[in-house]
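Inspection log for the structure reproduced underneath, given as C-alpha cells.
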Amino acid sequence: MAMDSIVLFGPPGAGKGTQAQRITESTGLPQVSTGDMLRAAVGSGTAVGLEAKRYMDAGKLVPDNVIIQLIIERLKKDDAKGGVMFDGFPRTIPQAEALSQIAYVSHVISINVPDAKIVERICGRFTCKTCGFVYHEVFNPPLVIGSCDHCNETDFKKRADDNEDTVISRLEAYHNQTSPLAEWYKSKGILCEIDGDRNIEEITQDILEALN
C-alpha cells in the first residue's frame, strides 16, 4: 500500500496504541511520536536534542519549533522516505500548520469514543506486578480472580492517575486541543472519523479501508 504520511489521533483509552501498531504492520509506515523522537534526540546528543533537553530538564514544554526540527531530522531517515504515521502529533492548529510545511499529510484518522466509555475503560484497568499484563475489571478480568493468567502472580497494581477525576480532566484537555484541530483537517477534506466504540477488528477494517 503506497501512500503519503498520515496522522492518527484519539483520546486516551481509545485504543490508539493497538490501531497504530496495526496501521504500521499494514502500510509499512514507521510510527513517529514526539516522545520517542525526544528521547532518541536527547540520547544521541544532537544539537536539537540538547536544546530539547534544556527545556525538559527545566520542566518546561519543548517549543513547537524544536519539535518541528526533530521531525525534519526524522523524515531524513531512510525508513521515512515513503511517508510516516504521526502518532500524537500535531495537537494544535499551529503545529498542524507547521507540519504542513515539511510533510505531505494525505490522511488524518480520528478514533472517536464517548467520554463515558473512556472513563469506564481507563478506571477499570489494572496490571500484573510481575509480567505487566494489563487486565480490565469488566472487559478482560483474569480467568481466576486474584491470579494472573500468564505468571500466576497474585499481586496487581493500578496506576494512580487511572481515576475518574484525572481521566475527566485529561479528556477535557484533549477536547479543547483536538476539536479545533479536527475541524481544521476536516476543512481540508482529509479527516476520517472512526467509531472506536466497537470490536477492535471492525475498527481496524474501517481504518484500512479509509487509507485505501
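Of note:
- Taking the numbered list (1) out of contact with any Phe, Trp or Tyr (no Cβ under 8 Å at 6 or more places or on another chain); (2) under 24 Å from Ile207 (Cα atoms); (3) touching a residue at least 24 places away in the same chain (Cβ under 8 Å) in turn, Thr46 passes all entries but (2).
- Condition check for Ser26: in contact (Cβ under 8 Å) with a residue 40 or more places away in the chain, surrounded by fewer than 20 Cβ atoms within 10 Å (Cβ to Cβ), within 26 Å of Asp162 (Cβ to Cβ) and of a type in the set (Gly, Ala, Ser): no
- Some residue of segment 60-73 being of a type outside the set (D, E, K, R), under 26 Å from Tyr174 (Cα atoms) and within 17 Å of the chain's Cα centre (by Cα): yes
- Restricting Gly13, Gly88, Gly83 to those that are at pLDDT 90 or above and at positive phi reduces the list to Gly83.
- Filtered residues of segment 159-185 (kept if under 14 Å from Gly13 (Cβ atoms) and in contact with a strand residue (DSSP E or B) (Cβ under 6 Å, 6 or more places away or on another chain)): Asp162
- Qualifying residue in segment 148-160 (condition: closer than 30 Å to Pro94 by Cα and either in a strand (DSSP E or B) or not polar (S, T, N, Q) (or both)): no
- Residue list for segment 111-142, filter: outside any loop (DSSP other than H, G, I, E, B) and among the basic types (Lys, Arg): Lys117, Arg121, Arg125
- Test: residue in segment 186-209 that is hydroxyl-bearing (Ser, Thr, Tyr), part of a helix (DSSP H, G or I) and in contact with a strand residue (DSSP E or B) (Cβ under 9 Å, 6 or more places away or on another chain): no
- Single unsatisfied condition, Asp165 versus (1) modelled with pLDDT of 90 or more; (2) among the acidic types (Asp, Glu); (3) part of a loop (DSSP other than H, G, I, E, B): (3)
- Restricting Asp87, Asp4, Asp78, Asp36 to those that are within 30 Å of Asn199 (Cβ to Cβ) and more than 17 Å from the chain's Cα centre (by Cα) reduces the list to Asp4.
- Set Val167, Val138, Val134, Val144: member being surrounded by 16 or more Cβ atoms within 10 Å (Cβ to Cβ) and either more than 24 Å from Gly88 (Cα to Cα) or of a type in the set (Val, Ile, Thr) (or both): Val167
The values are calculated or read from the model by the stated rules, or taken from the named source; none is laboratory data. Source: prediction; values computed, not measured. With ideal geometry, Cβ positions are generated from the backbone for all residues, glycine too; neighbour counts draw on all protein chains shown.
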